[in-house]
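Notes to accompany the following structure.
The values are calculated or read from the model by the stated rules, or taken from the named source; none is laboratory data. These figures come from a predicted structure and were not determined experimentally. Note that we place each Cβ from the backbone using ideal geometry, even for glycine, and neighbour counts take in every protein chain shown. The area values use the complete protein model at the heavy-atom level, side chains included, leaving out ligands, DNA and RNA. Shrake-Rupley method; radii C 1.70, N 1.55, O 1.52, S 1.80 Å.
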Amino acid sequence: MSHQIDIFAAGAQRLQMNESIELTIQSMQAYGPSHDHWGVAWSGGKDSTATLTIICWLLDTGKLARPKTLTVFYADTRQELTPLAISAEQIMDELRERGIAVEVVRAPLDKRFMVYILGRGVPPPNNNTLRWCTRQIKIDPMEEALRKRIEGLGGNILMITGVRQGESAIRDRRIEMSCGKDGAECGQGWYQQVLPNARGLRGRIATLAPLLHWRVCHVWEWLRHWAPEEEFGDWSTAAIADAYGGDEAEELNARTGCIGCALAQEETALETVLRNPQWSYLAPLRGIKPLWRELREPQHRLRKAGLERLKDGSIAKNPQRLGPLVFEARLMGLDRILSIQDECNRVARATGRPLINLIDAEEEARIRELIDAETWPQGWEGDEPTGDVVLETVYANGAVQPLLFGSD
Ligand code: SF4
């Protein structure tokens with residue numbers, strides 16, 4: 001009996017998959033032909049990988065007419081989970097074997113996540129409204145790469161993203177910008193909404209999310225069972241589904257993002273990866289998220305003592321705000337990350353498993369150089385008190401609440 005139900009469920013799943021794919025084809029056929037040049041904004045996560053591989057399959061099988069050029073822009077944040085980074089490398093090889101142009105897009109050295117925090121001293125991001133990281137390690141480098149590409153093409157480009165919102169998005173037409181919500185892949189909503197309005201790109205780029213309507217179970221089904229089949233392209237995508245939990249992933253709306261992302265409630269992907277004996281040696285990575293939390297504590301940061309005047313003479317909002325990381329905290333963070341890296345790599349070397357690369361030699365040298373040069377983020381001099389020093393309270397209207405000392 002249960003077997004019959006399984007067969008029915010599998011059949012229904014396949015039917016829905018076919019419908020989803022058909023809608024994808026229709027949206028590509030409606031918008032693709034009006035653009036000679038296509039790009040894919042790919043992060044190596046589940047949604048954008050499904051998008052990329054299905055587009056390639058549709059082109060290979062003639063279900064879609066080929067554009068004049070197709071460029072895959074791989075957003076390499078240097079913060080991806082190891083199994084996903086390895087899968088991305090494999091898929092890049094497979095793309096190049098097919099003659100598809102792949103461009104690896106990375107932030108410049110000083111703007112990379114680790115260098116910006118541990119070298120420049122900018123505190124780790126802590127919420128969805130003030131996060132600097134998505135723009136800096138994903139959006140800005142992508143904008144730059146696209147600007148250059150468009151200059152070379154002399155035309156406009158259709159940028160294909162992996163934004164996927166399932167049925168609710170079709171109803172309310174809302175693209176989720178926050179990476180922490182509903183399993184969205186960090187950055188894809190920004191690519192969809194922000195890129196078309198970026199300086200130098202306005203009017204030269206259109207975006208399309210051909211998997212917008214896909215349910216998450218279809219993404220897993222595609223990555224795990226369809227794309228690896230020869231008839232669908234023989235892609236190395238099953239490892240991506242495995243990284244998120246293999247068969248359990250069918251029901252899981254897992255988000256994709258950086259290792260230790262301070263904005264994710266739980267590190268679902270990392271914990272899933274660690275349950276696999278092949279990746280259990282990465283357990284020290286669990287230490288990254290608490291490190292970012294710890295570094296945001298007041299004793300590790302400077303604080304504006306009194307009222308802060310802006311260039312135009314007005315008073316800055318948020319008086320006595322906490323600011324950058326002091327040098328000791330940066331060195332402590334650097335040491336902690338390098339120890340985590342060493343611990344993983346010791347086991348990796350002993351057991352023949354992949355090495356991890358959280359901070360490479362160039363990044364470490366730059367972090368130390370920035371600390372040695374006593375670098376502070378803009379607006380900070382380094383002579384401000386640390387956040388744990390007790391100060392008079394200053395209010396946004398300039399009023400001061402003096403320190404009250406008890407008398408005997
Ligand atoms: S995954 Fe998290 S840490 Fe990475 S860019 Fe997105 S919000 Fe920032």
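Counting only protein heavy atoms and a 1.4 Å probe, the chain has 47 square angstrom of accessible area per residue.
Using a cutoff of 8 angstrom between alpha carbon atoms and counting only pairs six or more residues apart, the relative contact order for segment 233-350 works out to 21 percent. Straight-line reach only, C-alpha to C-alpha below 27 angstrom: list the lysines that residue 138 could link to, leaving out same-chain residues fewer than 8 apart. Reachable lysines: 46, 68, 111, 148, 181, 289. Under 5 Å between amide hydrogens, built in the peptide plane, is the criterion, and for residue 39 it picks out 71, 158, 159, 160 among residues at least 5 positions away or on other chains. What you get for the chain, charging only the Cβ of Lys and Arg (+1) and of Asp and Glu (-1), is a dipole of about 1160 debye around the Cα centre. Loop-resident GluC sites (Glu not before Pro) (DSSP state other than H, G, I, E or B) in segment 254-317 with no more than 12 further Cβ atoms inside 10 Å of their Cβ: 266. Dividing the summed helix terms, -39500 (n - 2.57) for each DSSP H run of n ≥ 4, by the number of residues in the chain produces a 222 nm estimate of -12000 deg cm²/dmol to the nearest 500. Remark on residue 205: its backbone amide H falls under 5 Å from those of 157, a criterion applied only to residues 5 or more positions apart or on other chains, H modelled at 1.01 Å from N. Convex hull volume of the Cα atoms of the chain, normalised per residue: 206 Å³. Applying both filters, DSSP loop and at most 10 other Cβ atoms within 10 Å, to the trypsin sites (Lys or Arg not before Pro) of segment 306-408 gives 311, 317. Each of 213, 32, 241 was scored by the projection of its Cα onto the charge dipole of segment 14-251, and the greatest displacement toward the positive side belongs to 32; charges sit on the C-beta of Lys, Arg, Asp and Glu. Could you give the distance between the Cα centres of segment 307-354 and segment 186-249, to the whole Å? Spelled out, the Cα-based centre of one part sits 31 Å from the other.
If segment 14-251 were replaced by its equivalent ellipsoid, with semi-axes equal to the square roots of 5 times the Cα gyration tensor eigenvalues, what would those be, largest first, whole Å?
26, 21, 18
Per atom type, the chain shows carbon and sulfur on 49% of its accessible surface, probed at 1.4 Å. Angle of helix 2-31 to the longest C-alpha principal axis of the chain, folded into 0 to 90 degrees and rounded to 10: 80°.
Under the criterion of Cα pairs below 8 Å and six or more residues apart, the relative contact order for the chain equals 18 percent. Each of residue 368 and residue 328 was given a label point 7 Å from its Cα along the Cα-to-Cβ line. The distance between the two points is 2.1 nm.
Sequence-distant contacts, meaning Cα pairs under 8 Å at least 6 residues apart, place the relative contact order of segment 14-251 at 25 percent. Using the Karplus relation 6.51 cos²θ - 1.76 cosθ + 1.60 with θ = phi - 60°, the per-residue 3J(HN,Hα) values for segment 222-231 come to 5, 5, 8, 10, 8, 4, x, 6, 4, 5 Hz, with x marking Gly and Pro.
Length gained on full extension, residue 66 to residue 390: 110.1 nm, using 0.36 nm per residue less the C-alpha separation. Remark: segment 14-251 carries a charge dipole of roughly 1380 debye about the Cα centre, counting +1 on each Lys and Arg Cβ and -1 on each Asp and Glu Cβ. A Förster radius of 41 Å, combined with the Cβ-Cβ distance separating residue 311 from residue 19, puts the computed FRET efficiency at roughly 0.10.
Do any trypsin sites (Lys or Arg not before Pro) in segment 45-121 lie in a DSSP loop with no more than 10 other beta carbon atoms within 10 Å, and if so, which?
68
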